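Taking it in order: structure first as structure tokens, then the write-up.
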Amino acid sequence: MNAASEPAANRALPGSPIENAASVRPAGKTGPAMITVQDIAISYPGIKNGPAVIQDISLSIRDGSIVSLIGPSGCGKSTLLKAIAGLVPPSRGRMDIAGIAPQEAAQRRLVGLVFQEANLLPWKTALDNAAFLLQVSDKRVSAKEARERAGENLKLVGLGDALTKLPSQLSGGMRQRASIARALTLNPQILLMDEPFGALDAITREEMSYLILDIWERTGKTIVLVTHSIDEAVLLSHEVHVMGAKPGRIVCSITVPLAFPRNSQSFADPRFRETEILLRDRLIESHGRSRQAS
Amino acid sequence: MTDKSNKGSDLFVALTGMLPGLVLFLVVLVLWELIIQVFNVSIFVLPAPSNIAVSLMANAAALATATLITAKEVLVGFAFAAVVGIALALLIVRFRLFGRALYPLIVLFQTVPKVALAPIFILWFGYDLAPKIVLIMVIAFFPITLDMLVGLQSVEQSFVSLMKSVGAKENDIMLRVRIPHAMPHLMAGMKVAITFSVIGAIVGEFAGASAGLGYMIQFASTQLDTALVFAALVVVSLVGVVFYYAIEILERILIPWAPKFDAVNRA
């Protein structure tokens, strides 16, 4: 009998947390480590020997997996994501993306970024916005080719009918879909998403979660998601890392014992609720410790 | 058909929008005329609108010549102000250290009353076009620099991160993102600057000129021809309005995607 088929009461008992279920491998096709973070620390820029934003963080994210980072505001989730993207250098420790340094990985377009704000250029159509980063990053790619690839990705995210629309003519959800298409047009191996649905309403958020699952199933990309939503983290992820603040660190890592494909039915699975409760408990604990530390 | 009817309805909406302003303007003119007639106010003190209209027609040729001269000063001075204002903003944003050194000096210079500089510019550059252009430039460049700076710097930091994440250089970010993003701000600064330019031209002509609307106002006031002073003021205002709306039309052509500020409907 594996952990997933045990009675919920047995698995939810104190002392036998679901963290122990790390041995339950998710059903997705995940591979060897794509992102390796070893004992890194990041300090505030410009402050020598200043307090660390994040400290002692080690992670290994498998190729083709979806991993979420959750934690209280200010715990350094976004900073960690930016470090993986090669935008913030760690002051200590080592990181590699597919065996190379994060900055080199970014320049080789192994990484695609999606932020909370869709950040579309208001003077460009959805198609030109989706093609924009590819054109900037690789001068050898012709405008025609970039637009063809952008068009395919806009179709993938359900914006096939809105190619010529300006951002002002798109809804919030459509704008965020276009920003995901822009990231996909780079054809990265890793998608880094920093609270991508934070500015959307509840229904659109849920639709976007299914879109991410759909993209993952079709492309098998490694996805790292920063979110404040426990539901979102459980629904989407193979593994959830809970972060604490002051300094930012990983307080626990929980493997989600739900099989893929996941959909709206996944919410009804008792293990979904169980994982959600466990994550909530860990978040409250880490939040309490952070308050005491301050 | 639909396009035509849309354009027609746009024109109707625009004309309807102007109607309250026109009605109020006419009411003020009628009241003004009545007060002058009823209280028998001397034409030397305050001419009636009818006196101003008569003066406008009687001096039409002279006013037209003066208008061309002042309009040329405004346009050339504004063009220089735009070039200097945009260049300063680009330099401040692109070269941070230089910007940190330069910006406080620009603000300091802005606090100098420019009208006081007019006689100095006359002394330096003579009575021709040059002193007026320099005066207009120093009066009008600041709103352009300031608004352009706001536009260049208000690009979302996360978008800059996005560009950097794919290896974009500062010049790429400047040319492909910051400058287009700053265009609506630049246009707002230019609208303020063009009205300042008209003021600069008149002040420059007051300080020393032999032609132009400012010179005409000064000459008419020495002759106690108050009606002509007001007639010239009407033309100066019209020049300002024409230039202002010329920039607004330019804005609609160059950046149709930018949100339009509708002061009347927002109020």
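The values are calculated or read from the model by the stated rules, or taken from the named source; none is laboratory data. Quick caveat, the model's predicted, so the values are computed rather than measured. Here the Cβ is made from the backbone with ideal geometry for all residues, glycine too, and neighbour counts use every protein chain on show.
Right, A:G86: more than 13 Å from chain B (Cβ to nearest Cβ) and part of a loop (DSSP other than H, G, I, E, B) or not?
Here the answer is no, as A:G86 does not meet what is asked.
Just a yes or no: is a residue in region A:156-165 within 14 Å of chain B (Cβ to nearest Cβ) and of a type outside the set (S, T, Y)? Show your work before the answer.
Quick first cut of region A:156-165, residues within 14 Å of chain B (Cβ to nearest Cβ) only: A:164-165.
Still in the list and also of a type outside the set (S, T, Y): A:165.
So far as region A:156-165 goes, yes, one or more of its residues are within 14 Å of chain B (Cβ to nearest Cβ) and of a type outside the set (S, T, Y).
A:G244 passes all but one of (1) in contact with a helix residue (DSSP H, G or I) (Cβ under 7 Å, 6 or more places away or on another chain); (2) at pLDDT 90 or above; which number fails?
Here A:G244 meets the rest and fails (2).
Any idea which of A:L159, A:L163 is hydrophobic (A, V, I, L, M, F, W, C) and surrounded by fewer than 21 Cβ atoms within 10 Å (Cβ to Cβ)? Explain how you work it out, then say what you get.
Working: A:L159 fails: surrounded by fewer than 21 Cβ atoms within 10 Å (Cβ to Cβ).
Among A:L159, A:L163, only A:L163 is hydrophobic (A, V, I, L, M, F, W, C) and surrounded by fewer than 21 Cβ atoms within 10 Å (Cβ to Cβ).
I'd like to verify a number: residues in region A:90-114 that are touching a strand residue (DSSP E or B) at 6+ places or on another chain (Cβ under 8 Å) and either assigned to a loop (DSSP other than H, G, I, E, B) or away from every other protein chain (no Cβ under 11 Å) (or both), how many?
12
Here is a yes/no grid of residues against (1) crowded, with 22+ Cβ neighbours inside 10 Å; (2) assigned to a loop (DSSP other than H, G, I, E, B); (3) in contact with a Ser or Thr (Cβ under 6 Å, 6 or more places away or on another chain):
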{"residue": "B:T195", "(1), (2), (3)": "no, no, no"}
{"residue": "B:I199", "(1), (2), (3)": "no, no, no"}
{"residue": "B:E205", "(1), (2), (3)": "yes, no, no"}
{"residue": "B:S210", "(1), (2), (3)": "no, yes, no"}
{"residue": "B:L250", "(1), (2), (3)": "no, no, no"}
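Within region A:115-150, which residues are within 8 Å of chain B (Cβ to nearest Cβ) and either free of Cβ contacts under 8 Å to residues at least 40 places away in the same chain or more than 27 Å from A:L81 (Cβ to Cβ) (or both)?
A:W123, A:V136
For A:I223, indicate whether it is crowded, with 18+ Cβ neighbours inside 10 Å, among the β-branched types (V, I, T), out of contact with any helix residue (DSSP H, G or I) (no Cβ under 7 Å at 6 or more places or on another chain) and within 20 Å of A:K82 (Cβ to Cβ).
No; evaluated as a whole, the condition is false for this residue.
Give the residue that is farthest from the other protein chains (Cβ to nearest Cβ), with candidates limited to residues of region B:157-178 that are surrounded by 18 or more Cβ atoms within 10 Å (Cβ to Cβ) and under 28 Å from the mean Cα position of the chain (by Cα).
Of everything passing the filter in region B:157-178, B:R178 is farthest from the other protein chains (Cβ to nearest Cβ).
Of (1) on the phi < 0 side of the Ramachandran plot; (2) over 17 Å from the mean Cα position of the chain (by Cα); (3) within 14 Å of chain A (Cβ to nearest Cβ), B:A232 satisfies all except one. Which?
(3)
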